[in-house]
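In what follows, a structure is listed as structure tokens, so that the remarks can point back to it.
The values are calculated or read from the model by the stated rules, or taken from the named source; none is laboratory data. As the structure is a prediction and not an experimental result, all values here were calculated from the model. Ideal geometry is used to build each Cβ from the backbone, glycine not excepted, and the neighbour counts take in all protein chains shown. Only protein heavy atoms, including side chains, enter the accessible area calculation; ligands, DNA and RNA are left aside. Shrake-Rupley method; radii C 1.70, N 1.55, O 1.52, S 1.80 Å.
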Amino acid sequence: MRELVSSSFPKEVSRLALIMAGGEGKRFWPLSRKSRPKQYLPLAGSSKSLIQLTAERVAPLVGGMSNVLVVTSRAQADLVKEHLPEARIISEPMAKNTAACLGFAARVIEELVGDIPIVCFPSDHIIHEEDAFRSILEEALQVAEQNEVLVTVGINPTHPETGYGYIQAGNPGPGRSRIVKSFVEKPSLERAEQFVASGEYSWNGGIFAWRPSVLRKAIAEFLPGHAEAFDAVAKSANPLETVAQLYLKLDGVSIDRGVLERAKNVVVMPGHGFRWSDVGSWDAWAESLRERLGVENVTHGEVIGIDSDRYAVVGHKKPVVLVGLSNVIVVDTEDAILVCHQDSSQKVREVVEMLEKQDRSDLI
């Protein structure tokens, strides 16, 4: 199993941070491309990439960057090394969603380091009030270390958002956690309003804490095919070759749908005191920077706006001029320009899918 990790773990390690970094960032085309997806771009109002900011945010929880582990695709391994040279890397042969990503990594950690608590994050979120965020995660790690539970961190909802999944909290669990009563996929506006008003629901931010053995048992119960594949890799004399063969047979299922929605030992830790954005679209990116910077118009590069408001522009080498436009997003790159209404920014993914069908690899 040692050859599955880019470098050896320190001799003494009591907890790890795991960053999931295999996404393609299709909603951030044309800036995000297969050769440099969204998480490797400086989209948080600083010169650092999203994955660099994520790693720096969580490293203090686990004793430094050497205890940060990144799970990514083999195609992105060099990008991870470029952005996080001190981090450990596990490379998946191909993307098979988060159940495979997290289950595979947990099994590797259990074999090489032991049954230590892991805190898991997406690589491309923006979070403010980082001290408060780390305080919540510290509680989540302690609950995971001391109990046979799978911990998810709920995000305190600030408005009835229809683009996120929700977690309903039930009876008290260990510490300040609550036993999860239900997971709800993206709701209608009416239901989202009811969720926020009830005080029982939080946004599902895809942030978790658990011990590898607890996750392994849950995967064995609900995704036996995954469990068998990970067992075979652990026993293999050539794990690199074995995992490449077995990944082909795995279903691409999320950890939420495959395990957490079905398990009875899932608890939610309330996430209060920090602001969070999953930066899932150009619109979400613009709103996050508006909140952080206290501006209406988000601009990068030379931008001139006449009778225009609430625009977000990423320029390239030439001025971008807007006349009589509101609520638009403009992204100018060397070989493509995106112009869209902010309410349609989720559909940018469809542009990439259309380009894929047209075999326009030069643009993706």
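Based on what the data block shows, is residue 168 under 21 Å from the mean Cα position of the chain (by Cα), among the polar types (S, T, N, Q) and modelled with pLDDT of 95 or more?
Values: under 21 Å from the mean Cα position of the chain (by Cα): yes; among the polar types (S, T, N, Q): yes; modelled with pLDDT of 95 or more: yes.
The answer is yes for residue 168.
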Considering every residue within the range 74-87, establish whether at least one is modelled with pLDDT of 95 or more, open to solvent by less than 30 Å² (accessible area, probe 1.4 Å), in a loop (DSSP other than H, G, I, E, B) and over 20 Å from residue 112 (Cα atoms). yes
When both residues are 6+ apart or on different chains and their Cβ atoms are under 9 Å apart, which pairs have a first residue that lies in the range 210-238 and is among the hydroxyl-bearing types (Ser, Thr, Tyr), and a second that is outside any helix (DSSP H, G or I)? 213/115; 213/148; 236/1
Quick one: in the range 72-108, which of the residues that are in contact with a Lys or Arg (Cβ under 8 Å, 6 or more places away or on another chain) and among the charged types (D, E, K, R) is nearest to residue 15 (Cα to Cα)? 107
Which of the residues belonging to the range 129-165 are more than 23 Å from residue 185 (Cα to Cα), open to solvent by 10 Å² or more (accessible area, probe 1.4 Å) and within 17 Å of the chain's Cα centre (by Cα)? 130, 134
Pick from 292, 349: which is surrounded by fewer than 18 Cβ atoms within 10 Å (Cβ to Cβ), in contact with a Gly (Cβ under 9 Å, 6 or more places away or on another chain) and in a helix (DSSP H, G or I)? 292
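For residue 116, are the conditions met, namely being among the hydrophobic types (A, V, I, L, M, F, W, C), under 18 Å from residue 59 (Cα atoms) and touching a Lys or Arg at 6+ places or on another chain (Cβ under 6 Å)? Explain how you work it out, then say what you get.
Details: among the hydrophobic types (A, V, I, L, M, F, W, C): yes; under 18 Å from residue 59 (Cα atoms): yes; touching a Lys or Arg at 6+ places or on another chain (Cβ under 6 Å): yes.
Yes; evaluated as a whole, the condition is true for this residue.
Step by step: first the residues of the range 352-361, then only those that are of a type outside the set (A, V, I, L, M, F, W, C) and out of contact with any helix residue (DSSP H, G or I) (no Cβ under 9 Å at 6 or more places or on another chain), then the one that is surrounded by the most Cβ atoms within 10 Å (Cβ to Cβ). Which residue is that? Spell out the reasoning first.
Initially, the range 352-361 is screened for residues of a type outside the set (A, V, I, L, M, F, W, C), giving 353, 356-361.
The next check asks that each one be out of contact with any helix residue (DSSP H, G or I) (no Cβ under 9 Å at 6 or more places or on another chain); those that pass are 356-359.
Values: 356: 13, 357: 8, 358: 10, 359: 8.
Restricting to residues being of a type outside the set (A, V, I, L, M, F, W, C) and out of contact with any helix residue (DSSP H, G or I) (no Cβ under 9 Å at 6 or more places or on another chain), the top hit is 356.
Residues checked against (1) at pLDDT 95 or above; (2) surrounded by fewer than 16 Cβ atoms within 10 Å (Cβ to Cβ); (3) among the aromatic types (Phe, Trp, Tyr); (4) within 20 Å of residue 149 (Cα to Cα):
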site	(1), (2), (3), (4)
173	yes, no, no, yes
180	yes, no, no, yes
189	no, yes, no, no
193	yes, yes, no, no
207	yes, no, no, yes
235	no, yes, no, no
245	no, yes, no, no
253	yes, no, no, no
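Anything in the range 258-276 that is open to solvent by 60 Å² or more (accessible area, probe 1.4 Å) and modelled with pLDDT under 95? List them, or say none.
Going residue by residue through the range 258-276, those that are open to solvent by 60 Å² or more (accessible area, probe 1.4 Å) are 261-262, 264, 272, 275.
Matches in the range 258-276: 272, 275.
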Which of the residues that make up the range 44-73 are open to solvent by 10 Å² or more (accessible area, probe 1.4 Å), under 21 Å from residue 314 (Cβ atoms) and not in a helix (DSSP H, G or I)? 45, 46, 47, 48
